[in-house]
Amino acid sequence: MANYYLGYTPVRKIAHIDMDAFYASVEQRDDPRLRGKPVIVAWKGNRSVVCAASYEARAFGVRSAMPARRAERLCPNGIFVGPDFTRYRAVSRGVREIFKRHTDLIEPLSLDEAYLDVTTNKTGLPTATLVARTIREQIRKELSLTASAGVAPNKFLAKLASDWKKPDGLFVIRPNEVDAFLLPLPVGKLPGVGKVNEEKLAKLGIKTVRELRSLERVKLEREFGRYGVRLYELARGIDENPVVPDRPTKSISVEDTFQDDVLLAQTGPMIRHLAEKLWSVSRKESRIPRTVVLKLKTKEFNSPAVTREMRPHLRATN
C-alpha cells in the first residue's frame with residue numbers, strides 16, 4: 001500500500017544536499033595553513049564582494065555577497081583568498097559523481113547544492129535517511145569536505161531541513177512531523193517571503209506559519225496575487241514541484257567590477273568585452289538567447305542597479 005501525507009499526495013523522499021561554506025572549505029582543504037582560520041573568498045578592494053566565508057569568518061558576521069571592505073572591517077584578521085572557480089567546478093563535478101551513484105534524479109541549484117529524489121535509489125539502501133548519511137560520508141572520505149543534508153517529503157521542506165543543523169549536519173522531516181516542524185517557524189523562512197512580503201504579512205498580523213495557515217486562500221490571492229496560492233500551500237507543507245534533472249539554464253550572466261570609477265562615455269569597450277564573454281558562454285547552450293539585459297551599478301554600492309533590456313533578433317551562426 002502506498003504511503004500518503006496530508007491526505008492525498010503520495011509520499012516522496014527528497015534530499016537536499018548543501019556543501020558547507022563550499023568555496024572557503026575547498027581553500028582550507030587545499031592549503032593546510034588556512035585550516036581553522038577566518039577565510040574570506042574575495043578579492044580585496046572597494047568594489048569587490050564576498051563569494052564565500054569560512055565558519056570562522058562567519059563568526060565575525062561576514063556573509064556571502066557582502067562588500068569586501070565591510071568584511072575587512074568586521075574581521076580584521078580575515079585571510080582574503082581570490083576565488084578559483086575552475087577548481088570549485090572540478091570539485092563540484094566530484095560531488096555530482098557521488099550523487100549519481102544513488103540516483104539519476106538530481107537537480108543542481110548551484111555548484112554547492114542540489115536536490116535529489118531518492119524515493120527509490122540505485123544502491124538499494126532501505127531509507128532516504130541512510131542514503132543522505134551515506135552521501136555525506138562519501139563526500140567526507142573521498143573529497144575531504146563536509147556537507148549538510150535535509151530529507152523530507154518535498155523540495156521546500158528538504159531545503160529548510162538541510163539548513164537546520166549546519167554545518168556538517170543531517171536533519172529529517174518525516175511526513176507525520178511536518179506540522180510540528182513547520183507551524184512554529186517565522187514566515188520569513190518560507191521561500192519567496194523576503195523583506196517586502198514579510199512586512200506585508202506583518203501588517204496582516206501574520207508572523208508565524210501557524211498564523212499564516214489561518215488565512216483563507218481567497219484572502220491570500222487578493223493580497224499577493226498568484227504568489228498567494230503558493231503561500232497557502234507552503235503553510236500546509238505542500239510542494240508538488242518535482243526534482244528536474246538537467247533543467248535548462250534560464251539565464252547566463254557575466255560581470256566585471258572596476259577598481260576606479262568609470263565615466264559612462266568610457267564604458268563602450270568594457271561592454272563589448274563583456275558581450276564577447278557572454279556570447280562565448282552562451283554558445284555552450286543548445287538554445288538561442290532572446291533577451292539581453294545590461295545592468296549598470298553606480299558607485300553607491302547599495303543603490304538599485306540601472307537596467308536596459310533588449311530583445312534582439314538573434315540568428316544561429318556556424
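The values are calculated or read from the model by the stated rules, or taken from the named source; none is laboratory data. The model shown is predicted, which means the values in this text are computed figures rather than measured ones. Neighbour counts run over all protein chains shown; Cβ positions are idealised from the backbone, glycine included.
Each residue in region 91-104 was checked for being surrounded by fewer than 20 Cβ atoms within 10 Å (Cβ to Cβ) and either in a loop (DSSP other than H, G, I, E, B) or at pLDDT below 95 (or both), and 2 of them qualify.
Among residues of region 228-255 that are within 21 Å of Glu113 (Cα to Cα), those with a Cβ under 7 angstrom from a residue that is acidic (Asp, Glu) and at pLDDT 95 or above, sequence gap 6+ or separate chain, pair up as Asp239/Glu233; Val243/Glu107; Val243/Asp117; Val244/Glu107; Pro245/Asp104; Pro245/Glu107; Arg247/Glu107. Whenever a residue of region 172-190 is among the acidic types (Asp, Glu), its partners that are part of a loop (DSSP other than H, G, I, E, B), lying with C-beta atoms within less than 8 angstrom and at least six residues away or across chains, give the pairs Asp179/Gly237. For Leu109, the conditions (1) in contact (Cβ under 8 Å) with a residue 12 or more places away in the chain; (2) under 23 Å from Leu145 (Cβ atoms); (3) not in a helix (DSSP H, G or I) are fulfilled apart from (1). Residue check: is Ser48 among the hydroxyl-bearing types (Ser, Thr, Tyr), under 21 Å from the mean Cα position of the chain (by Cα) and at pLDDT 95 or above? Spelling it out, it is not the case that Ser48 is among the hydroxyl-bearing types (Ser, Thr, Tyr), under 21 Å from the mean Cα position of the chain (by Cα) and at pLDDT 95 or above. Sub-6 Å Cβ pairs linking a first residue in region 50-75 that is within 19 Å of Val26 (Cα to Cα) and without any contact (Cβ under 8 Å) to a residue 12 or more places away in the chain to a second residue that is in a helix (DSSP H, G or I) and of a type outside the set (S, T, N, Q), at least 6 apart or interchain, number zero. Looking only at region 114-129, decide whether some residue is touching a Leu at 6+ places or on another chain (Cβ under 6 Å), of a type in the set (Gly, Ala, Ser) and outside any helix (DSSP H, G or I). No, region 114-129 contains no residue that is touching a Leu at 6+ places or on another chain (Cβ under 6 Å), of a type in the set (Gly, Ala, Ser) and outside any helix (DSSP H, G or I). Do we find that Asp30 is of a type in the set (D, E, K, R), modelled with pLDDT of 95 or more and within 17 Å of the chain's Cα centre (by Cα) in this structure? So Asp30 fails the test.
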